[in-house]
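Asks: Below you will find the structure I want to go over with you.
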Amino acid sequence: MSTFSDKFAVLASDVWPWRRVGITASTITEATVTLAVATLVIICFTWWAKKLVIKTKPPLPPGPPGLPIIGNLPFIKPDFLQYVTKQSQIYGPIIKLHMGSKIYIVISSPSIAKEILRDHDATFANRDTPASAVNGSFGGLDIVWRPNGPELYKLRKLVVREIMCNKGLDACYELRRREIRQMVKYIYGKIESSINLSEQIFLTTLSVTISTLWGGSLNGEEAERGVEFKERIEEFVGLIGAPNVSDIFPVLRPFDLQGIESKSKKRLSWFYEFLESVIQQRTTVGEGEREDQSKDFLQQLLELSQRGDAKASLSMQELKALLLDMIVGGTDTTFTTMEWAMTELLRHPDKLKRAVDELDAVVGDQAVVEETHLPRLLYLEAVVKETFRIHPPAPLLLPHMAGETTVVAGYTIPKHANVFFNVWAIQRDPELWENPLRFEPERFMEESEKRNHLGNSFHLFPFGSGRRICVGIPLAERLVMHILATLVHSFEWELPNGEKPDIKDKLALVLSKEEPLVVVPIPRLSNSQRYQ
C-alpha cells in the first residue's frame, strides 16, 4: 500500500513534470517543513520582542495606592498641598496619583522640573481647563487657559511687548501712584486704632489694578464696589480651586453635579456685565487725551484691537478675557505676597528695622516713596524674594498637561496627565536652602544666593517657567515693591496685645493667611503733609 506522500508525488508528476527540473517529493516535503519551522520561529520571536518592549518600557512614576474608580481622592487630607508633599517624601521627587479618571503627576525636584519646563516645554505647555473656568475664558481665549499654539504666542507677545514693557508701565504710573497715596491718607485717618491691614492691602491692590486697567477708582462712593469685587474674586478663585467631580470624571461634566459650573457662570456674568459697561463707555465717549497724559491698559488694549492687523490685534472677547485675567490673577496673588511680607517683617523686628533704615537712607523723611526709588531698595527687594520663596502665592503653580506620552526622569508620563510643580516644597528643601524654614532676606544679599526668581532658576520659580510663565511679573513686582515700601516708610506698626502675627495658611488656588493681619498704625514721618 503506497503512502500518501507517494500518491501525492505521482499525482504531481502527472500534472507537472517536476522530475524534469530535479524537484523530488522529498524536496517538497523538506521545503514544507522548513517553511513551517521558519514561520513558527518568526511568531515566537515577534511574541518575545513584544514582551521585551513592554517589559523594558519605563514604568509610571511611583505613588500611593488608591481605590478602584476614585483612586486617591478619599485620602487627600488635610489639603492637597500637604498630602502631595507628604507622599513625595515617601515615594520620591516624582509621584503619580489617580484622581478619578485623571492621572496627576507631582514634581518636587528642580532637576525634573527643569527637564519638563525646558527640555520638553512645548510638550507640556497645554492646560486641562477646569469646568469652572471655561466660561471665564470664552472657551479658552485668555492667556491662563488658552491652548498652546500660534494664538497663545500672539496674545502673550502683545501683552509682554506692548503692555508689560517699561514704556507701557510708565504710561500709567500716575494712576498707580494716585491710588497708593489714597491708601496712605486712609490709614493716616485710622492712626492709633486697630485696622484690618489684610483687607486694606487687598482693596488697595484691587484699586491700583482697576486704576491701571481703565483709570477707575474705588475710593469714596466706589469703596463699597471694592468690597463687592473682593467678595466675588474670592468666590470665583474658590470655585476654580475647589475639587469638582466634573473635572475628575469629564463624562459627568454635562450634569454639573456639584453646581460649581453654574455658580461660576453667575459670578462671571457679573464681571462681564461690569467690564462691558466700562468698555462701552470708553468706546462711546472716546478718550480725547493728550499724548503726555497717562494711558491706562484699556486704552492701550483698545488701540491694539483697532489695528486691523490679524497678527497684532485683539478681538473684543480676547480683550475682556484678558482684563478678567489681570483683575483676578493680578489682585489675588499680589495681595497675598504683600500680606505675607508684612506678616514676616512684623514677626522679625530686626528685619523690619533694616528695611526702615534703607528706606530712610534712600527716600528720606521729607519725601514719599516713588517708583524711581525702587531699584535702590536692595534689602526690600530681598524681603520680597524671601517672601516668594517661603510663601509662594501659587504653591503648586497652575497644572501643565502632557500633550503626548513622554519619558521624564526614567518614568513614563502619559498623554493628558496633569503635571503639578510643588514649588512650595522645592523652595523649602533643606538640600537646596540653608535654614529653609527661617525668614532670612539676607540670603539674597549674598552673591552666592542671588537666585533669579523669573523662571531661570529651578530652585526658585514662584511664577513658573517656560512658555507658561506669568506675563504679569513686571507689574506685580512694581506693585509689591511700591506698596510695601510705602507701608514700611510711612508708618510704624504695633500689634494688639503685643503678640506676633500667626503664619497659619489656607489653600484655595492661592496660599493665603488663614487669619487677617490686624495692626495699629502710627505715623513716623515728621511732615504731616506727606500723608495727604
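Asks: Consider Leu314 against the criteria (1) modelled with pLDDT under 95; (2) outside any loop (DSSP other than H, G, I, E, B); (3) buried (at least 21 other Cβ atoms within 10 Å of the Cβ): it satisfies all of them except one. Which criterion is unmet?
Replies: Here Leu314 clears every test but (2).
Asks: Among (1) farther than 27 Å from His453 by Cβ; (2) crowded, with 18+ Cβ neighbours inside 10 Å; (3) out of contact with any helix residue (DSSP H, G or I) (no Cβ under 7 Å at 6 or more places or on another chain), where does Tyr91 come up short?
Replies: Failed condition: (2).
Rundown of residues vs (1) buried (at least 22 other Cβ atoms within 10 Å of the Cβ); (2) touching a strand residue (DSSP E or B) at 6+ places or on another chain (Cβ under 7 Å); (3) not assigned by TED's automatic domain parsing to the domain that holds Pro110, yes/no style:
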| position | (1), (2), (3) |
| --- | --- |
| Gly403 | no, yes, no |
| Val407 | no, no, no |
| Thr412 | no, no, no |
| Phe421 | yes, yes, no |
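Asks: Further, regarding this structure: Looking for whichever is at pLDDT 90 or above, closer than 25 Å to Leu397 by Cβ and buried (at least 20 other Cβ atoms within 10 Å of the Cβ) here; the options are Val184, Val106. Which one fits?
Replies: Details: Val184 fails: closer than 25 Å to Leu397 by Cβ.
Just one listed residue meets the conditions, Val106.
Asks: Now a separate question. Tell me which of these Gly466 doesn't satisfy, since it passes every other one: (1) touching a Leu at 6+ places or on another chain (Cβ under 6 Å); (2) surrounded by 22 or more Cβ atoms within 10 Å (Cβ to Cβ); (3) at positive phi.
Replies: Here Gly466 meets the rest and fails (2).
Asks: Which residues, taken from the range 486-526, are modelled with pLDDT of 90 or more, among the aliphatic types (A, V, I, L, M) and more than 30 Å from Leu158 (Cα to Cα)?
Replies: Matches in the range 486-526: Leu487, Val488, Leu495, Ile503, Leu517, Val518, Val519, Val520, Ile522, Leu525.
Asks: Mind checking which pairs have a first residue in the range 231-259 that is within 19 Å of Phe202 (Cα to Cα) and a second that is assigned to a loop (DSSP other than H, G, I, E, B), Cβ under 6 Å, 6 or more apart or different chains?
Replies: Val237/Ala508; Val237/Leu509; Gly238/Ala508
Asks: Taking the criterion of being out of contact with any helix residue (DSSP H, G or I) (no Cβ under 8 Å at 6 or more places or on another chain) and within 28 Å of Arg178 (Cβ to Cβ), would at least one residue in the range 368-375 satisfy it? Steps first, answer last, please.
Replies: Applying the first criterion (out of contact with any helix residue (DSSP H, G or I) (no Cβ under 8 Å at 6 or more places or on another chain)) to the range 368-375 yields 372, 375.
Retained after the next criterion (residues that are within 28 Å of Arg178 (Cβ to Cβ)): 372, 375.
So far as the range 368-375 goes, yes, one or more of its residues are out of contact with any helix residue (DSSP H, G or I) (no Cβ under 8 Å at 6 or more places or on another chain) and within 28 Å of Arg178 (Cβ to Cβ).
Asks: I need the full set of residues from the range 426-447 which are part of a helix (DSSP H, G or I), surrounded by fewer than 17 Cβ atoms within 10 Å (Cβ to Cβ) and in contact (Cβ under 8 Å) with a residue 40 or more places away in the chain, in order please. I'd like the intermediate steps shown before the answer.
Replies: From the range 426-447, those part of a helix (DSSP H, G or I) are 426, 441-444, 447; that's our starting set.
Filter again for surrounded by fewer than 17 Cβ atoms within 10 Å (Cβ to Cβ), leaving 442, 447.
Once the filter is applied, which keeps residues that are part of a helix (DSSP H, G or I), surrounded by fewer than 17 Cβ atoms within 10 Å (Cβ to Cβ) and in contact (Cβ under 8 Å) with a residue 40 or more places away in the chain, the range 426-447 yields only Glu442.
Asks: Looking at Glu358, Glu370, which is the one that is more than 19 Å from Thr85 (Cβ to Cβ), touching a residue at least 40 places away in the same chain (Cβ under 8 Å) and acidic (Asp, Glu)?
Replies: On the way: Glu358 fails: touching a residue at least 40 places away in the same chain (Cβ under 8 Å).
Sole residue among the options that is more than 19 Å from Thr85 (Cβ to Cβ), touching a residue at least 40 places away in the same chain (Cβ under 8 Å) and acidic (Asp, Glu): Glu370.
Asks: What is the one condition in (1) out of contact with any strand residue (DSSP E or B) (no Cβ under 7 Å at 6 or more places or on another chain); (2) under 21 Å from Ile112 (Cα atoms) that Asp502 does not satisfy?
Replies: Exception for Asp502: condition (2).
Asks: Report yes if some residue within the range 455-463 is surrounded by fewer than 16 Cβ atoms within 10 Å (Cβ to Cβ) and part of a loop (DSSP other than H, G, I, E, B); otherwise report no.
Replies: As a first pass, look at the range 455-463 and keep what is surrounded by fewer than 16 Cβ atoms within 10 Å (Cβ to Cβ): 456-457.
Retained after the next criterion (residues that are part of a loop (DSSP other than H, G, I, E, B)): 456-457.
For the range 455-463, residues surrounded by fewer than 16 Cβ atoms within 10 Å (Cβ to Cβ) and part of a loop (DSSP other than H, G, I, E, B): present.
Asks: Being in contact with a strand residue (DSSP E or B) (Cβ under 9 Å, 6 or more places away or on another chain) and at pLDDT below 95 narrows it down to one residue among Lys51, Lys57, Lys96; which is it? It would help to see each step written out before you state the result.
Replies: Details: Lys51 fails: in contact with a strand residue (DSSP E or B) (Cβ under 9 Å, 6 or more places away or on another chain); Lys96 fails: at pLDDT below 95.
One residue alone meets the criteria, Lys57.
Asks: A further question on this structure: Return a yes/no flag: does the range 505-527 have any residue that is free of Cβ contacts under 8 Å to residues at least 60 places away in the same chain, closer than 22 Å to Met183 by Cβ and acidic (Asp, Glu).
Replies: Yes: the range 505-527 contains one or more residues that are free of Cβ contacts under 8 Å to residues at least 60 places away in the same chain, closer than 22 Å to Met183 by Cβ and acidic (Asp, Glu).
The values are calculated or read from the model by the stated rules, or taken from the named source; none is laboratory data. Remember, predicted model here, so these are calculated numbers, not experimental data. Cβ sites come from the backbone with ideal geometry, for glycine too, and all protein chains shown count toward neighbours.
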